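Notes to accompany the following structure.
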Amino acid sequence: MSDGGGPADGDGSSDGDWRDRGRDVLERLVDASAIERMLISLAALVASLIVGAVIVLAAGLLEECERGFVVGGDVISIPFTGMGVQLPAFEAAVPGVANACYSPMDVYYQLFVAPFTSSFDLALTLKETTLLLFTGLSVAVAFRAGLFNIGTQGQLVLGGLGTALAVLWVAPLVPGGLVGTLILVPLGLLVGAVVGGLYGAVPGALKAYADANEVITTIMLNFVATGVAFYLVSAYVQDPGSQSTETESLPGYAQLSPEVEAFSGTDFSVVALLLGAVLVGAVYYLLWHTAFGYELRTSGLQPAAAAYSGVDSERMIVTSMFLSGALGGVGGAIYVMMVLGRWRAGVPPLGFDGITVSILAGNNPLGVALASGLFGTLKSGSLSIEFALGVPSQLVEVLRGLVILFVAMPEFFRMLGIRYDVGGSGGDPVETPETESDPADGAVETDGGVDGAVETDGGVDRSVETDGGVDGAVETAGGPGPDGDAGGEADE
């Protein structure tokens, strides 16, 4: 006689199997090597391109146009040479596809290749890459400390405003030209870092001393930063000759202008990109080769172990958020001095893009450089698609979102697995900074003789020397022997 529990048990077993399979996949992601993670990302990128091509074709079939696309026939430009190669053209062979208005090949060419085919497009790509370097690093540092800093946008906004106000205030006091540049540009960067860092330390202190959730506080502080900045500019430092909510323009010698002739007329600065590259290396060194970085990463991976080893968790939370906010503030300073030459309301969501950049990079500063380059290419390529092909901006955003989603999701789930201690390795090992080992601690030497003699020099009190003699005599040096002799000799 059935008790009616059979189907329920079967469903429970099935649910358990799915949970086990999911955990197995998560464990494999957590324990994956660097090469395996790169291969997973490449496979995810290819999958996103395939899905995106299907969506482009479907959207093209629904659109009305005089003639469907022709596969090939495009001229592939060779960057900075003025030359190009024309591909052979032929009609789409798949039934019905020739009636589609959008060509996936054309779309992907504009998305991934066009951003590098002219100096103007390359400058646009590098500008976006430079800005995302700072916001990506900002989020990555907080993530490494076990904190979710969604407030990078607010820190960027106030850091940029602080930079603009400081430069405008000091500019009349310093000479122009190169001397003014050497004074005002570092000053703007420093003020941006300090303002952003202090604003980032606010949710850090709330987290450390009031146990306030940093996700909620940083989200709300984004709105506070935007509102305060808008009010201060509109009420006190508004440019009287402008209808927009913006400050007066910074002096030309206080702006980061294009230093390369090929980029003249653009809003990209090689100096800003080099500064971002230096910060990438500096943050990587700080996290993996200093005692502070070791404590920060340990606090993020194993807070209990960090506290047991003597790390001041409250201080570490506030310091980590200050550092994260400072990097966001530098991003705001770069945005003001390189892109606009002033502070203006309506700052683009660079801080939120930095979250995706950091996740895609696995919160690794070196990975942030690569992820920022990908995002910069996608942003620049999106504009090329709209202007060159007339593809709706909504479809372009879908393609960008697919690439980001497919590539970032494996790393996102790997981060979840590390956070909840799934897998054997537990993610990146927490290594102590390189220190010189003391040979006196527990050192053991063997002379390789047939008698198996062991000699230890581990300190005066623990030194034991065996000569491996026939009678098995044992000599102990550095303390009273078993028989109380000062020489410490005992014959067995």
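The values are calculated or read from the model by the stated rules, or taken from the named source; none is laboratory data. Predicted, not measured: the structure shown is a model, and the values here were computed from it. No Cβ is skipped: glycine too gets one built from the backbone with ideal geometry, and neighbour counts run over all protein chains shown.
What to note about this one:
- Of all residues making up the range 110-152, the number that are buried (at least 23 other Cβ atoms within 10 Å of the Cβ) and either free of Cβ contacts under 8 Å to residues at least 40 places away in the same chain or touching a strand residue (DSSP E or B) at 6+ places or on another chain (Cβ under 6 Å) (or both): 0
- For first residues located in the range 350-366 and assigned by TED's automatic domain parsing to the domain that holds Gly159 and outside any helix (DSSP H, G or I), partners that are surrounded by 22 or more Cβ atoms within 10 Å (Cβ to Cβ) and basic (Lys, Arg) and lie 6+ apart or on another chain with Cβ distances below 6 Å form the pairs Asn363/Arg144.
- Val278 of a type in the set (Val, Ile, Thr), exposed (fewer than 14 other Cβ atoms within 10 Å of the Cβ) and either touching a Leu at 6+ places or on another chain (Cβ under 7 Å) or in the same structural domain as Asn149 (by TED's automatic domain parsing) (or both): yes
- Filter result for Leu273 (modelled with pLDDT of 95 or more and surrounded by fewer than 20 Cβ atoms within 10 Å (Cβ to Cβ)): yes
- Index of the failed condition, Ala208 passing every other in (1) modelled with pLDDT of 95 or more; (2) in contact with a Ser or Thr (Cβ under 9 Å, 6 or more places away or on another chain): (1)
- Matching option when the condition is within 25 Å of the chain's Cα centre (by Cα), of a type in the set (S, T, N, Q) and under 26 Å from Thr130 (Cα atoms), among Asn222, Asn213: Asn222
- Among the residues of the range 283-306, none qualifies, meaning not one is farther than 30 Å from Tyr420 by Cβ, surrounded by 14 or more Cβ atoms within 10 Å (Cβ to Cβ), assigned by TED's automatic domain parsing to the domain that holds Arg144 and without any contact (Cβ under 8 Å) to a residue 40 or more places away in the chain.
- Look at the range 392-410: where a residue is under 20 Å from Arg28 (Cβ atoms) and a partner is of a type outside the set (Gly, Ala, Ser), sitting 6+ places away or on another chain with Cβ atoms under 7 Å, you get Phe406/Leu45; Val407/Leu45; Val407/Leu360; Ala408/Thr356; Ala408/Ile359; Ala408/Leu360; Pro410/Leu29; Pro410/Ile40.
- Screening Thr226 on (1) in contact with a helix residue (DSSP H, G or I) (Cβ under 8 Å, 6 or more places away or on another chain); (2) loosely packed, with under 13 Cβ neighbours inside 10 Å shows it passes everything except condition (2).
- Only one of Val179, Val170, Val157, Val191 that is more than 28 Å from Ser382 (Cβ to Cβ), in contact (Cβ under 8 Å) with a residue 40 or more places away in the chain and assigned to a helix (DSSP H, G or I): Val191
- Phe322 of a type in the set (Phe, Trp, Tyr), within 29 Å of Lys207 (Cβ to Cβ), surrounded by 14 or more Cβ atoms within 10 Å (Cβ to Cβ) and touching a Gly at 6+ places or on another chain (Cβ under 9 Å): yes
- Of the candidates Gly176, Gly160, Gly136, the single residue that is at pLDDT 95 or above, small (Gly, Ala, Ser) and in contact with a Pro (Cβ under 9 Å, 6 or more places away or on another chain) is Gly136.
- Count of residues meeting criterion [within 27 Å of Glu411 (Cα to Cα) and either at pLDDT below 90 or in contact with a helix residue (DSSP H, G or I) (Cβ under 6 Å, 6 or more places away or on another chain) (or both)] in the range 113-125: 2
- Scanning the range 103-150 for residues that are farther than 29 Å from Ala212 by Cβ, hydrophobic (A, V, I, L, M, F, W, C) and outside any helix (DSSP H, G or I) turns up just one, Val113.
- The range 231-251 - residue that is over 19 Å from Tyr335 (Cα atoms) and either among the hydroxyl-bearing types (Ser, Thr, Tyr) or not assigned by TED's automatic domain parsing to the domain that holds Trp343 (or both) and, of those, modelled with the lowest pLDDT: Ser242
- Residues that are closer than 17 Å to Leu62 by Cβ and part of a helix (DSSP H, G or I), drawn from the range 383-396: Leu389, Ser393, Gln394, Leu395, Val396
- Failed item in (1) over 13 Å from Thr135 (Cβ atoms); (2) in a helix (DSSP H, G or I); (3) modelled with pLDDT under 95, with Val336 passing the rest: (3)
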